[in-house]
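Heads up, the thing below is written out as structure tokens.
The values are calculated or read from the model by the stated rules, or taken from the named source; none is laboratory data. Model, not experiment: these values are computed from the prediction. Counting neighbours? That spans all protein chains shown, and the Cβs are built from the backbone with ideal geometry, glycine included. Note: accessible area is taken over every heavy atom of the protein model, side chains too, but ligands, DNA and RNA are not part of it. Shrake-Rupley method; radii C 1.70, N 1.55, O 1.52, S 1.80 Å.
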Number of protein chains: 4
Amino acid sequence: MKLGIIGLGRMGGNIARRLMRHGHQVIVYDRNQPLIDALAGEGAEPAGSLDDMRGKLDHPAIFWVMLPAGAPTEETVIALSEHCGADSIVIDGGNSFYKDDIRRAKMLGEKGVHYVDVGTSGGVWGLERGYCMMIGGDKATVDHLDPIFDALAPGQGDVPRTPGREDADDPRAEKGYIHAGPAGAGHFVKMVHNGIEYGLMQAYAEGFDVLAAKNSEKLPEDQRYDLNMTDIAEVWRRGSVISSWLLDLTAQALAKDERLEGFSGRVSDSGEGRWTIEAAMEEAVPAHVLSAALYARYRSRLDNTFGEKVLSAMRFGFGGHVEVPQ
Amino acid sequence: MKLGIIGLGRMGGNIARRLMRHGHQVIVYDRNQPLIDALAGEGAEPAGSLDDMRGKLDHPAIFWVMLPAGAPTEETVIALSEHCGADSIVIDGGNSFYKDDIRRAKMLGEKGVHYVDVGTSGGVWGLERGYCMMIGGDKATVDHLDPIFDALAPGQGDVPRTPGREDADDPRAEKGYIHAGPAGAGHFVKMVHNGIEYGLMQAYAEGFDVLAAKNSEKLPEDQRYDLNMTDIAEVWRRGSVISSWLLDLTAQALAKDERLEGFSGRVSDSGEGRWTIEAAMEEAVPAHVLSAALYARYRSRLDNTFGEKVLSAMRFGFGGHVEVPQ
Amino acid sequence: MKLGIIGLGRMGGNIARRLMRHGHQVIVYDRNQPLIDALAGEGAEPAGSLDDMRGKLDHPAIFWVMLPAGAPTEETVIALSEHCGADSIVIDGGNSFYKDDIRRAKMLGEKGVHYVDVGTSGGVWGLERGYCMMIGGDKATVDHLDPIFDALAPGQGDVPRTPGREDADDPRAEKGYIHAGPAGAGHFVKMVHNGIEYGLMQAYAEGFDVLAAKNSEKLPEDQRYDLNMTDIAEVWRRGSVISSWLLDLTAQALAKDERLEGFSGRVSDSGEGRWTIEAAMEEAVPAHVLSAALYARYRSRLDNTFGEKVLSAMRFGFGGHVEVPQ
Amino acid sequence: MKLGIIGLGRMGGNIARRLMRHGHQVIVYDRNQPLIDALAGEGAEPAGSLDDMRGKLDHPAIFWVMLPAGAPTEETVIALSEHCGADSIVIDGGNSFYKDDIRRAKMLGEKGVHYVDVGTSGGVWGLERGYCMMIGGDKATVDHLDPIFDALAPGQGDVPRTPGREDADDPRAEKGYIHAGPAGAGHFVKMVHNGIEYGLMQAYAEGFDVLAAKNSEKLPEDQRYDLNMTDIAEVWRRGSVISSWLLDLTAQALAKDERLEGFSGRVSDSGEGRWTIEAAMEEAVPAHVLSAALYARYRSRLDNTFGEKVLSAMRFGFGGHVEVPQ
């Protein structure tokens, strides 16, 4: 198929590449000209503007927007929808909040434009491994785009089949993509995916902290071990209950630098973790682990807080305990 | 009554003072001679050693041990029990682990010595306000010691009577002390008291953090307030649902220094918070808030942890996110 | 002063009563006629409609809206603002989300109407104890309303003065109300107050669970106590570090029924707990305890969840552990 | 090599089988005769008692104890150590607490008997996939047992090599086993492994709860989706960041029964989760996620708790909120 891709960063660029490898035609645009040039050198057709791109696409046209969530995506989606003509399709492959999708789908629908939200997991590895995609939108449109999703998805590959799936109605899940539901459903499932990701990561992090602290010189010598983090991460990859791709990545990082001294440990978070908590609250679902994982990231970026000083002040107040600045 | 007090720190010294004010005779000992001298100057009888103290007490003797939990208390209790003679009473008024009480009570019981554990709350304010006491031990011994507990307790004072308590069997709770049960029960209830204390403190701390961050220059100006922490703490003391003594202390600290700059915010914890979690785990009781409060103190004393670097390393691994040391 | 009160439920009715006791004139309205009649019988002037109320007030008029947050408050505020005339004042004394206040203040401001948000704590006890109030709005309007707030507030009463406050600029905090800042600031501070309230309550709840489970027949007999919850709650009120008004209420409930058999333990939550978490997330402030407290309420209302079945299914998958429906 | 295996349950029986498949000679014993008979039918040599087993082994002998942690393991280890003779080796392959290992290693060492602790992960799948093993003990003994561990481990298989490990000193980690350190180190690392496992499982569980609740009829229809849990679990296995073996198992369970109606959701826990929290507390390491995961299991097994009734009672106390038994 022929489609335009707007946003050629780490994700968008590789999506363009993977589509070309599977024989699709891509027209590419980014505000940053060198990113366009790079893709053009690999066979993509460059566009000088959104208008230019529109001119180079068939009608109805297909656009894949791969920009940061929030204003950049919003503005581009609206700009595209204004001139692309009825029956065109605008795909948001970024990390938008699912309620924005619902709103946009309605807005674009009034112009006869189809809106599809695609939650895309796979990070920098997607080019080689393929992208896991969770898709929201109307059935006909999603079906129409199937060749694109099929090309981007990992396919069955060498991931063993789940026993009991032989009779599944929908073969797409086994190839690495699903039509999750109407507008927003794709990003909703992707959002929860990221919420889980935060929880998984924090579980490993806490476990490694318990291991690392067991090596600490703060412990009495007879309570101390000399555990090898690198080997532990490696052995857990092999036959243990907690093997996972995140653990593979941890093992790789440790194999390079057992002390991880190149990392600050001040950990960022993007919207999805927070939105998952908001969704949990809207549904009155307890999400202790997912929110604790989010808060651990917040705290990792802070020095001692005002609230911690309040604790010190109370302790001084009732017990005369002195916790002075160092 | 006449009793010996071993350990004249913040708590032990004031307990001696309050007992003297209520007409009891106290013999005092501490490894630190000036502490003995100070009490002697206020009317206590000084002892030069545990042996000396024993000689100055009636038989059977009463000892109140007010030392740090762990080795200091353990060694003193054992030393006392070896020579004090049958029917003597050893009171541990410190913060021992309740399982140590159970073990000691059995050990002393074999020598005919009575062991009483007293969990004591009230901190540096106890001399004036009286001490809230949770007592474990055999009934006859606890009853025998009633004049001592009665003197130390706050009494009914001006704390309003709880409606419905008019017919309560036991008047002691209204005076500020209870016989909680056999050996260890006093420290068990005190332990849970401290576990709750941690939770309460952390609830206020988080609330003040949410308030303080609303003043932060990191927020866009139109989302920012200029909240006055001192006045907020004060107003909550007056008619609000969250008024408490801990809030009173917070208001006092803020009235002195609205920014609490004299405090580091690196918050210590003693054994009780941890033991409460252990008890919860032995009973399979969920204790999310109590353990979160404990962990917040741990984190307040740490710089970025190894586990946080593991998070950064994973994020770099799957997404190319760079969180480097600053 | 003369003001109209709309909404005569538990809170609104008592606010009307307390204002009358302090010599203010109140016109009252509620959709529920008997509530109007009751207040009329106590000296309030009844109104048959918002229009009728407006006619009975001086101009510019003062309205105190005391309705459930959300649609009821929103609709009433808008209805009032449309006809009340410039310089009138609309007070929202309910539990609105502070961002709604900001929006409404702007909307009413365009008509020259002043909007004041008042977070009110004190519950069913406010009539006697007075209400703790956190107020948002422009300074002139809040100052103008001072006689009303002064009447509703508890006043200094017998709550001891906080040392160090002698020189405080603003005497209002000591009387139980503050002008927290511009529109929304009142409800923002009240929201955090409620978030803290959830955390405090859960800390006590977990502590009592650890105590209660120690009485459980599931424990081996030699690890069991027979702790008296009623006496424990009572003794902690007296001289302990964790004394508070919430503990007073707990002691009252236990004095009536030690097993609390009249309560389901399926605990509701209103918006403030959730909004506090949202605010924490907007500010990137860790709020482990406040969110754990909220989640505990969610879980208290649920039977075994789908996620818990996922846990069982995984355990069966890797270990053959069988956790079948009972 | 020749070794005795005591305990022929799910784990012990399959360990015996896997060792035989790799050419080792196993003598088997269990209190349950049919389990012995079954293994004997597959080529193992049956023993009628520990004494009988000892007679059938070479000297110094090797014993692999695969029994429930606590008394069964303790008694068997002691019984074996009393008569097995110097230089014999007792392996505890179960889930013992690592401090018990340290104590036992010392106790057996005084008799010249070597003690090795092996934390074994892999569950019912180990027979085919091999077991991931974390081993504690003295170097010479662990090296001597290498043929046994090598046979039980998964080997490199088709798990891709971690980039950067080419020069690793110790090839064992890549084959699925490590010598973690002296006595107890094996079970310590396995304990943390299980702590992480709890955290990972709970992260998935909460995520699926957020998804499932989005299908709930309690939500207004326009906020509801009709998400397919089975397909979602499947698609996340393929190229997503959260793919893992636990997710594979989840996908299998859902493929069999999308509603998981065969499971109660009342989730058990064994010692390791709790011990991981204890270790975290000994080291003052925050472990919010690991403990939240443990508590979620506790709560899953409870009806409404006393503490939850305390919450209801407080709410009634301050606000007149009524939460009565249903």
(request) List the residues whose amide H sits under 5 Å from the amide H of C:I5, counting only those 5 or more places along or on another chain, with H placed 1.01 Å from N in the peptide plane. (result) C:I27, C:V28, C:Y29, C:W64
(message) Between 0 and 90 degrees, rounded to the nearest ten: what's the tilt of helix C:288-300 against the longest Cα principal axis of chain C?
(response) 80 degrees
(message) Output the 0 to 90 degree angle, nearest 10, between the alpha-carbon long axis of helix D:185-214 and the longest principal axis computed from the alpha carbons of chain D.
(response) 20 degrees
(message) From the phi angles alone, apply the Karplus equation (6.51, -1.76, 1.60; θ = phi - 60°) to region B:277-285 and give each ³J(HN,Hα) in whole Hz, x where the residue is Gly or Pro.
(response) 5, 4, 5, 4, 5, 5, 9, 6, 9
(message) Averaged over its residues, how many other protein chain Cβ atoms are within 10 Å of peptide D:220-232's Cβ atoms?
(response) 5
(message) Quick check: at a probe of 1.4 Å, how many percent of the accessible area of chain A sits on carbon and sulfur atoms?
(response) 49 percent
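Normalised radius of gyration for the protein assembly as shown, please: alpha carbon Rg relative to 2.2 N^0.38 Å, two decimal places. Each step should come with its number before you reach the end.
On the way: Rg = 33.8 Å, N = 1304, 2.2 N^0.38 = 33.6 Å.
Normalised Rg, Cα atoms only: 1.01.
Kindly give Rg over Rh for region A:2-182, based on alpha-carbon atoms, with the Kirkwood expression for the hydrodynamic radius. Let's see the in-between values first.
Values: Rg = 15.8 Å, Rh = 16.5 Å.
Looking at region A:2-182, the ratio lands at 0.96.
Under unit Cβ charges (Lys, Arg +1; Asp, Glu -1), what dipole magnitude, rounded to 20 debye, does chain A have relative to its Cα centre? All intermediate terms of the calculation are to be shown ahead of the outcome.
Working: 34 positive and 48 negative charges, 63 e Å.
Around 300 debye, computed over chain A.
Give the ranking of B:W64, C:W245 by solvent-accessible surface, highest area first, calculated with a 1.4 Å probe.
Numbers: B:W64 0, C:W245 20 Å².
Heavy-atom accessible area, descending, gives C:W245, B:W64.
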(message) Output wanted: per-residue J couplings in Hz (rounded whole) for region D:220-232, from phi through Karplus 6.51 cos²θ - 1.76 cosθ + 1.60, θ = phi - 60°, x for Gly and Pro.
(response) x, 4, 6, 10, 9, 10, 10, 6, 9, 4, 5, 5, 5
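Step through the table entries A:K309/B:K309; A:K190/D:K190; A:K2/A:K139; D:K2/D:K106, compare each Cα-Cα distance with 22 Å, and write down the pairs that go over it.
Values: A:K309/B:K309 26 Å; A:K190/D:K190 32 Å; A:K2/A:K139 20 Å; D:K2/D:K106 25 Å.
Among A:K309/B:K309; A:K190/D:K190; A:K2/A:K139; D:K2/D:K106, the Cα-Cα distance tops 22 Å for A:K309/B:K309; A:K190/D:K190; D:K2/D:K106.
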(request) Give me the percent of DSSP beta bridges within the protein assembly as shown that run antiparallel, rounded to the nearest 5. (result) 20 percent
(request) Using only the alpha-carbon atoms of chain A, report the extent along each of the three principal axes, biggest first, to the nearest angstrom. (result) 75, 46, 44
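Which whole number gives the average, over all residues in D:267-279, of C-beta atoms from other chains lying within 10 Å of the residue C-beta?
Values: counts 11, 7, 4, 2, 1, 0, 1, 6, 1, 3, 7, 4, 4.
For peptide D:267-279, the averaged partner shielding equals 4.
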(request) Measure nothing but the geometry: give the 0 to 90° angle between the long axis through the Cα atoms of B:306-319 and the longest principal axis through the Cα atoms of chain B, rounded to 10°. (result) 20 degrees
(message) Report for chain D the percent antiparallel among DSSP-assigned beta bridges with both residues inside it, nearest 5.
(response) 20 percent
(message) Taking every DSSP beta bridge with both residues inside region C:2-182, roughly what % is antiparallel (nearest 5)?
(response) 20 percent
(request) Only counting protein heavy atoms at a 1.4 Å probe, give the residues of region B:281-299, ordered by number, whose accessible area falls by 50 Å² or more when the other protein chains are present relative to the chain alone. (result) B:M281, B:E283, B:A284, B:V285, B:P286, B:H288, B:V289, B:Y295, B:Y298, B:R299
(message) Only Cα pairs within less than 10 Å get springs; with that Gaussian network setup on chain D, which residue of D:S216, D:S268, D:S300 has the largest fluctuation?
(response) D:S216
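Taking the Cα centre of region D:72-139 as origin and charging only Cβ (+1 Lys, Arg; -1 Asp, Glu), how large is the dipole, in debye to the nearest 20? Mind showing how you got there, number by number?
Numbers: 7 positive and 11 negative charges, 37 e Å.
The dipole magnitude comes to about 180 debye.
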(message) Just to be sure I understand: chains C and B are related by a rotation, so which residue of C has its Cβ closest to that axis, and how close in Å?
(response) C:S244, 2
(request) Determine the shielding of peptide C:161-167 by partner chains: average, over its residues, the number of Cβ atoms on other chains within 10 angstrom of each Cβ. (result) 5
(message) Restricting to Cα pairs below 8 Å that are 6+ residues apart, what does the relative contact order work out to for region A:190-303? Please round to a whole percent.
(response) 35 percent
(request) Let me see the pair-distance distribution of region A:190-303: every alpha carbon pair, 5 Å bin width, integer percents in order. (result) 2, 10, 17, 20, 18, 16, 9, 5, 2, 0
(request) Enter the accessible area per residue of region A:1-152 (Å², integer; probe 1.4 Å; all protein chains in place). (result) 39 Å²
(message) Given the DSSP H assignment, sum -39500 (n - 2.57) over each helix run of at least 4 residues in the protein assembly as shown and divide by its residue total; what's the result at 222 nm in deg cm²/dmol, nearest 500?
(response) -15000 deg cm²/dmol
(request) Mind pulling up the Rg/Rh value for region A:259-326? Radius of gyration and Kirkwood radius, both on Cα. (result) 1.13
(request) Rounding to the nearest 20 debye, state how big the charge dipole of the protein assembly as shown is about its Cα centre with +1 on each Lys and Arg Cβ and -1 on each Asp and Glu Cβ. (result) 0 debye
(request) Can you pull out the buried accessible area for chains B and C, both sides counted, probe 1.4 Å, rounded to the nearest 100 Å²? (result) 6800 Å²
